[in-house]
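Below is one structure, written out as structure tokens; comments come after it.
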Amino acid sequence: MSTKIAIIDDHQLFREGVKRILEFEKTFEIVAEGEDGANALQLIEQTKPDVVLMDINMPNKNGIEATRQLVETYPDTRVIILSIHDDENYVTHALKTGATGYLLKEMDSDALIEAVKVVADGGSYLHPKITRNLVEEFRRLANRQSTGTGYQQPEVVRPLHLLTPRECEVLQLLADGKSNRVIGETLYISEKTVKNHVSNILQKMGANDRTQAVVSAIKNGWVEVR
């Protein structure tokens, strides 16, 4: 089964670059391209894509408003926001509208392909840098709440009662904001093996996505905040 994709972005060169990357995947099919949030709904109605890559800043109607209307009208369509903004407010606002993915435009091709696959399979995906920002936000809040002169993280206790030693290593690298490719290179394992480990981690932790797993791991003291 192919994954049908629509790309909505007002920068033609960027749109063409994204299209070329996605066309390398045999299971991906680009069914629509648009340059304006205002005509996104019409394109979606005509082509019925599984995943929409939506630029956040566009004339006439921005990606946030277009996503809100799209999700209300076509709830089965999955939306990945494309943005230059890594600010937490942008990310939160985008997810509240119904987007299930958020990618920074500085992404590499591996992150783009991985995001589309994860979202098409019903999961959620945040750019690795966003995950790092969430970790930094947690560190900032913990520092504010601490009574000493600085934040002292409690001793890390790996969840060996729940995960295998290798899965603990993968979980730590997820908390470090590493992509599947980088995790594979770090641990000298294939990207497919990394994906299997991540899937097992999410299942065992009862997490819906990588970010939820990382936040839970931080709260439980299972990973280092570094």
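The values are calculated or read from the model by the stated rules, or taken from the named source; none is laboratory data. Keep in mind the model is a prediction, meaning the values are calculated, not measured. We place every Cβ from the backbone using ideal geometry, glycine too, and count neighbours over all the protein chains shown. Accessible surface is based on the protein model in full, side chains and every heavy atom, while ligands, DNA and RNA are left aside. Shrake-Rupley method; radii C 1.70, N 1.55, O 1.52, S 1.80 Å.
Computed over protein heavy atoms with a 1.4 Å probe, the accessible surface of region 15-76 works out to 53 Å² per residue. Under a 10 Å cutoff between Cα atoms, tell me which one of 102, 90, 125 has the largest fluctuation in the Gaussian network model of the chain. Taking springs between Cα atoms under 10 Å, the residue moving most is 90. The residues of region 165-220 have, on average, 48 Å² of accessible surface per residue, using a 1.4 Å probe with all protein chains present. Computed extension gain for residue 86 through residue 73, at 0.36 nm per residue and net of the alpha carbon distance, reaches 1.9 nm.
Phi angles of region 73-87 translate, via the Karplus equation with coefficients 6.51, -1.76, 1.60 and θ = phi - 60°, into HN-Hα couplings of 7, 10, x, 7, 7, 9, 10, 10, 7, 10, 8, 9, 9, 9, 5 Hz per residue; Gly and Pro are given as x. Below 8 Å, C-alpha to C-alpha, sequence gap of six or more: please give me the relative contact order for the chain in percent. Reported relative contact order: 14 percent. Segment residue 106..residue 207, full-extension length gain: 33.7 nm, with 0.36 nm per residue of separation and the alpha-carbon distance subtracted. The stretch between residue 220 and residue 57 holds 55.0 nm of extra length on full extension. This uses 0.36 nm per residue minus the Cα-Cα distance. Note on residue 204: accessible area is roughly 90 Å² with a 1.4 Å probe, heavy atoms of protein only. Computed in the context of the full set of protein chains, the accessible area of region 65-124 at 1.4 Å probe radius has 45% of its extent on carbon or sulfur. Amide H to amide H, with H built 1.01 Å from N, residue 33 comes under 5 Å of 7, counting only residues 5 or more places away or on other chains.
Straight Cα distances below 26 angstrom link residue 4 to the lysines 19, 26, 48, 61, 96, 105, 117, 192, 195, with same-chain residues fewer than 8 positions distant left out. One Cα centroid belongs to region 160-185, the other to region 1-46; the line between them spans 32 Å. Counting only aspartates and glutamates at least 8 places from residue 204 when in the same chain, those with an alpha carbon closer than 13 Å to its own are 167.
Computed from point charges on the beta carbon alone (+1 for Lys and Arg, -1 for Asp and Glu), the dipole magnitude for the chain about its Cα centre is near 760 Debye.
Accessible surface of region 165-220, 1.4 Å probe: 47 percent of it comes from carbon and sulfur atoms. Compute the long axis of helix 191-205 from its Cα atoms, compare it with the longest principal axis of the Cα atoms of the chain, and write down the angle in degrees, 0 to 90, nearest 10. Tilt of helix 191-205: around 70 degrees.
Highest mean packing comes first when the peptides 58-70, 170-182 are listed by Cβ atoms within 10 Å, giving 170-182, 58-70.
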